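Nothing in this text is a laboratory measurement; each read-out follows from the coordinates by a stated rule. The structure displayed is predicted, hence computed values, not measured ones. Ideal geometry is used to build each Cβ from the backbone, glycine not excepted, and the neighbour counts take in all protein chains shown.
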Amino acid sequence: MTLILALQKMKKGEKINELDLPYDITPEYICDCTRKERVNNFMVILKDYSARKKEASQKFELMKEKFKTLNKREFQKNKDNIQKILQDQTNKIAKFEGVIQKLTEMVKNEWTPCPMYIMSEEEDREEKINEDVEENQVIIHFKKTNYDKTNVYIGVTICKI
């Protein structure tokens with residue numbers, strides 16, 4: 001932005017202060033980090049995508065083995081669904097491979113800044129089934145609340161999943 005404003009002033013014939021201009025433009029200036037930090041950031045992202053690709057490939061192989069164990073009747077009955085599942089998994093692996101190739105190309109060009117990323121952990125949620133409750137029954141516990149109004153209405157909607 002500073003350079004654009006300076007160029008506009010020069011075109012108008014105004015004088016500019018050379019000390020106000022930024023120093024030499026370097027890859028470190030553009031990337032806002034050292035070359036080593038930039039490469040390390042790329043490597044973190046590449047390792048993550050490589051792990052995702054490996055996990056997807058393993059899942060694909062497990063699916064193929066599982067589908068091979070089906071008898072012919074079950075396989076013919078679910079053939080379209082099986083092909084769709086395998087194609088989706090193949091597309092997922094190809095997507096990861098494409099991202100890995102693109103990142104590898106980007107890391108070679110020192111003028112390309114590293115993509116920003118955030119490391120976050122995802123919590124795996126598991127369905128918990130209470131064996132103490134019989135099928136088609138619901139247990140609702142009402143506990144003390146800090147609601148201070150006199151009329152309290154509770155709406156319960158039950159949907160069959």
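Quick look at the values:
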item	result
Cut-off of 10 Å, at most 10 other beta carbons, DSSP loop: longest stretch of the chain lacking such GluC sites (Glu not before Pro)	15-120
Unit charges at the beta carbon, dipole of the range 1-83: most positive-side option, L46, P22, N71	N71
Entries of K68/K95; K64/K84; K59/K84; K53/K102; K84/K128; K54/K92 with Cα pairs more than 18 Å apart	K68/K95; K84/K128
Most mobile listed residue (T112, T90, T69) in the chain, GNM with C-alpha springs under 10 Å	T69
Estimated 222 nm signal from helices in the chain, with DSSP H stretches of n ≥ 4 weighted -39500 (n - 2.57), rounded to 500	-18000 deg cm²/dmol
Inverse of mean 1/r across different Cα pairs in the chain, Kirkwood, Å	23.6
Kyte-Doolittle mean at least -0.5, axial Cα span of 15 Å or more - DSSP H helices of the chain	2-12
Order of C114, C33, C159 under a 10 Å beta carbon neighbour criterion, fewest first	C159, C33, C114
Length-normalised contact order for the chain - Cα pairs under 8 Å, 6+ apart - percent	27
Gaussian network model of the chain, Cα within-10 Å springs - most flexible of R73, R38, R125	R125
Dipole magnitude of the range 33-108, debye to nearest 20 (Cβ charges: Lys/Arg +1, Asp/Glu -1, about Cα centre)	80
Dipole magnitude of the range 3-161, debye to nearest 20 (Cβ charges: Lys/Arg +1, Asp/Glu -1, about Cα centre)	760
